[in-house]
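Structure, as C-alpha cells:
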Ligand SMILES: [Zn+2]
C-alpha cells in the first residue's frame, strides 16, 4: 500500500465553467469530483459568466461532498484549503473563494490562494512525480494559451514567455466547430471529425508562426477557415469536413508545438509540460512528442482528466505551497481575474 | 437574563445589500418560552467588496461574542433579492459553513430582515441597479406582496404609508413623500437569525410587532433569490466573413 501520510489538502476550482473539488495527500489524489455547466452554455456558443457563477453556487456543496465521499474523508479530516484566486471569470472565482474561506474558517485550517495557470503545471507532479529545477509549460484551453518558464512552482516563480494576442486556442476550436456545424465545445468534435482527414488538404495560416516572439494568434486562422468554407458553399460544392477539420487542427498543433520546443531550447530547459483542455488533442500530443524527441526534450502531459480544469490541480499546488512553508493567504484574499504570474495571490 | 437550556447558537449573515452584516444570536427555549440573546453583531459597508470583507467579519463577530466557530449550531443567511455577485458570496459562505460544521443552514428573504420589524404599511426597497428596485410590502411585519423587481414607480401603487431601504433613499424624488430616509437601509442580521428559527411574532421576541404569519416568513432553502434571468444572448447563425 502507498504511503499516504501528510496533510490532506482540499482544492477548489471555479475559474470558468467547471466546479472542481480535489483532495490530495502526499502527492496522491485521494478524492475528486467535478460538476460542469458546459451544457448550459452550449446554446450560447461560449461560456456565459452569470450562468457559470450561478451554477457554481448550486454545485459547490454537492461537489465537495462527493469529493470527500470518494476519499472516505469527513470535513474534519481536511488540513488545508487551496483555491483558485485567478486568473478567470470574476464572478465565478468569487464563488470558489467564498466557499474556500468558509471551509478554512469553519475547520480552522490554513487557506492558500493559488494561480490557476501554475496549478495546471503542478497537477503533473501527481502523475509523473516532482518537476525538475526548471521547465517550460504550454497551457492551452478555451480560456488560455500561454507559454511559461517555471522556476519554482510553490513560490510562484513563473515567467510568461508568450501568450495569445487574440483568441485562446480552445476558442478557435469552438469557432471553427461552429463554422463546420459541429457542437460546442469544439475540441472533441473537431478531433473526431479530423480522423481520416488530410492535414495537408488546405494549408491554413500559422498566426505569428514565424515571428521571433512566443506569442500566438488564432483569429486569422479562424477567419481563413470560414472564408475557405464559404467559398466552397458559394460554389455549390460540398464541404469536406474531415479534411478541413484535420487541416485546421494541424495548423494549431503545428504552431503550438513548434514554439513550445523552441522556447525550451532558448531557455536551455530539458522538460516541457503541456496542460489545459487542448492538451487532450490527439494531434497536438503526437506532434509535440515527435518534436520533443528530436530536440532531446522530455515531454510531460498529464492524463486528459487532469489536463482540463479540476480541483485536484489546485489541491496539488496548495500542497506544494504548504510543504514549502509558504505563508497562507489571509481571509480577505481577493479574486484577481487577471492574476499575473511571478507573484502568488495575496 | 436567566437562560433555560437547551440553547441554539446561530450565526446569521446577509450580503444582499451594499453592506455585509453578521450576528451571533443565542436562542433558548424553555419553561419561560423562547428567549433570544444577541451576543454580537457587526456590519461593514462593502460596496462591491463582499468577497473580501465577509469572512473576516464573521471571524470578528464570533470573537466579539466570545464563541468558537465550532460552537455554532445553525447558520442563517439572507438569500436576497440583491445584486448577484455580493448575494452569492453570502449564500455560498453560509452553505459551506453549514457543511463544514455539520449544522443546518436556513435561508431567509433579505427584505423580510428589514420589513418584519416595521409597524404599519411599509414597503422595503433595495437597489437593484439598472434604475430598478427589489421590493416587498409589509403590513405590521407580515409580507403581503413581493419580493419582486420593478421600476421604483411601482411602489407608488402599493398603498403603503412609507418606503424604507437603500432603494427609498436612491429614488426619493420618484417616490414623492413616501421615501423614509430615517428607516433601516440594510437587512438586520439579528432579524435574519430570528426569522430563520421561525420565531417571528412569537412570545418573548423583542421589538417585533408580533403578527407575522409563519406562512409568509418561514425559512427557505439557502438558494439565491435572483428574480432576474442571466443576461445572455442566443447567437444567430454563424456570421459570414466574406461579403
Ligand atoms: Zn484552465
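The values are calculated or read from the model by the stated rules, or taken from the named source; none is laboratory data. Please read these numbers as outputs of a predicted model, since none were measured by experiment. Because the Cβ atoms are built from the backbone with ideal geometry, glycine has one as well, and the counts that use them run over all protein chains shown.
Within segment B:166-177, the residues that satisfy the criterion of being in contact (Cβ under 8 Å) with a residue 40 or more places away in the chain and not in a loop (DSSP other than H, G, I, E, B) are B:166, B:167, B:168, B:170.
Does residue A:126 qualify as being within 13 Å of the chain's Cα centre (by Cα) and either assigned to a strand (DSSP E or B) or more than 13 Å from the ligand (Cβ to nearest atom) (or both)? Against the criterion (within 13 Å of the chain's Cα centre (by Cα) and either assigned to a strand (DSSP E or B) or more than 13 Å from the ligand (Cβ to nearest atom) (or both)), residue A:126 does not qualify. Checking A:107, A:97 one by one, the residue that is within 14 Å of chain B (Cβ to nearest Cβ) and surrounded by 24 or more Cβ atoms within 10 Å (Cβ to Cβ) is A:97 and no other. With respect to the conditions (1) closer than 29 Å to residue A:252 by Cα; (2) more than 14 Å from chain B (Cβ to nearest Cβ); (3) more than 14 Å from the ligand (Cβ to nearest atom), residue A:164 lacks only one, and its number is (3). Checking A:136, A:176 one by one, the residue that is more than 13 Å from the ligand (Cβ to nearest atom), within 14 Å of chain B (Cβ to nearest Cβ) and not in a loop (DSSP other than H, G, I, E, B) is A:176 and no other.
With respect to residue A:39, determine if the residue is in contact with a strand residue (DSSP E or B) (Cβ under 7 Å, 6 or more places away or on another chain), surrounded by fewer than 21 Cβ atoms within 10 Å (Cβ to Cβ) and either within 22 Å of residue B:57 (Cβ to Cβ) or not assigned by TED's automatic domain parsing to the domain that holds residue A:156 (or both). Even if it seems obvious, please write down each step before you answer.
Values: in contact with a strand residue (DSSP E or B) (Cβ under 7 Å, 6 or more places away or on another chain): no; surrounded by fewer than 21 Cβ atoms within 10 Å (Cβ to Cβ): yes; either within 22 Å of residue B:57 (Cβ to Cβ) or not assigned by TED's automatic domain parsing to the domain that holds residue A:156 (or both): yes.
In short, no.
Note on segment A:25-58: residues that are within 13 Å of chain B (Cβ to nearest Cβ) and within 21 Å of residue B:95 (Cα to Cα) amount to 10.
Inside segment A:1-22, can you point out the residues that are more than 16 Å from the ligand (Cβ to nearest atom) and within 14 Å of another protein chain (Cβ to nearest Cβ)?
A:8, A:10
Only a single item in (1) buried (at least 24 other Cβ atoms within 10 Å of the Cβ); (2) within 14 Å of another protein chain (Cβ to nearest Cβ) is not met by residue A:90, and it is number (1).
Report yes if some residue within segment A:139-146 is assigned to a helix (DSSP H, G or I), within 16 Å of the ligand (Cβ to nearest atom) and farther than 19 Å from residue A:287 by Cα; otherwise report no. Taking every residue of segment A:139-146 in turn, none turns out to be assigned to a helix (DSSP H, G or I), within 16 Å of the ligand (Cβ to nearest atom) and farther than 19 Å from residue A:287 by Cα. Of all the numbered requirements in (1) at pLDDT 95 or above; (2) under 24 Å from residue A:18 (Cα atoms), residue A:109 misses one, and that requirement is (2). Determine, yes or no, whether residue A:252 is within 16 Å of the ligand (Cβ to nearest atom), modelled with pLDDT of 95 or more, more than 14 Å from every other protein chain (Cβ to nearest Cβ) and surrounded by 20 or more Cβ atoms within 10 Å (Cβ to Cβ). No: the conditions fail for residue A:252.
On the given criteria, is residue A:6 in contact with a strand residue (DSSP E or B) (Cβ under 8 Å, 6 or more places away or on another chain) and over 19 Å from residue A:307 (Cα atoms)? Reasoning before the result, please.
Working: in contact with a strand residue (DSSP E or B) (Cβ under 8 Å, 6 or more places away or on another chain): yes; over 19 Å from residue A:307 (Cα atoms): yes.
For residue A:6, the condition - in contact with a strand residue (DSSP E or B) (Cβ under 8 Å, 6 or more places away or on another chain) and over 19 Å from residue A:307 (Cα atoms) - is met.
Checking each residue in segment A:275-327 for being within 16 Å of the ligand (Cβ to nearest atom) and surrounded by fewer than 17 Cβ atoms within 10 Å (Cβ to Cβ) picks out A:303, A:304, A:305.
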